[in-house]
Amino acid sequence: MMSLTKVSLSSVVRLQYRYKLKAYTGVFMGLILVQVIGILLTLVGSMQTSFSNNVYTVEVSMFSPSLVIILTIIWAFLNAILMTTKAYREDDFTFVSNRLSYNLSNMAFLLTACVIGAITALLSGGIIQLLTYITQDIDVFLTVTHEVSVGDYVAGAVVTLLYILLAATAGYLIGMMTQFNKRLIILIPVLLIGLNYIAQHNGNSGFVNILEFYFMEYSFSLFLLKAVVTLIIGSGLAILLSNRLEVR
């Protein structure tokens, strides 16, 4: 007997999202592993400089969570690609759903994962300072703040989160493109390298211009606008590509 109960899109997305939070624990285990590696590499490969005169020599070691943040960005990019693979898509067979709910629940999960990744990456700075103090032979331990306000800290946290979200969106879009046409797995890198070579041959900086468009923006409000627009366009294109996929 057919059920006359109508299930709303929001309830389906919510069920899928909760399921993915419980089922995709490997994503968060990978995050822990990546950030631990980043912390260890930071402790080993810190930036060092020294000052000396005839009386004394001062050695300065500088530690920051930058490497942890970079590895977290890579983690978000790769996991977003994995979310589009057939093995992950088949998990949604346990729900009465469509491609829209599938994509929305994926994006909600990626958003949650990116928020957790951004928070833990920023908190790793304190862990790095603590481990440095315990493991290194340091006579003076200083934290340079340069009178950074609470607003600057919040802005820095938001920027870090947006970088991670941009990487996840790029990975999700690329993954959906390769699912749409398997040949794009080879064609996309070749096309990007070719376009970059043509741009450089014509006197342009190629990918450098793209990186500068996002990473060298000094206005927070303008960067926020660029990031939000990019996230909306990238997510919309991924959903459109998903709707064009053949019946699974």
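Bear in mind these aren't lab numbers, they're just calculated from the coordinates by the rules spelled out. What you are looking at is a predicted structure, and each value in this text was computed from that prediction instead of being measured. Heads up, the Cβs are rebuilt from the backbone with ideal geometry, glycines too, and the neighbour counts pull from every protein chain shown.
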*Multiply the residue separation of Tyr214 and Ser66 by 0.36 nm, subtract the distance between their alpha-carbon atoms, and state the gained length in nm to one decimal.*
51.6 nm
*Mind giving me the nanometre distance, one decimal, between the label points for Asn181 and Arg14, set 7 Å out from Cα along Cα→Cβ?*
4.0
_For a Förster distance of 41 Å, can you work out the FRET efficiency between the beta-carbons of Tyr153 and Leu240, rounded to the nearest 0.05?_
0.65
*Provide the FRET efficiency to the nearest 0.05 for the Ile32-Lys86 pair, computing r from the beta carbons and using R0 = 22 Å.*
0.25
*Which distance in nm do the two modelled labels at Ala23 and Ile134 give, with both placed 7 Å along the Cα-to-Cβ direction?*
3.8
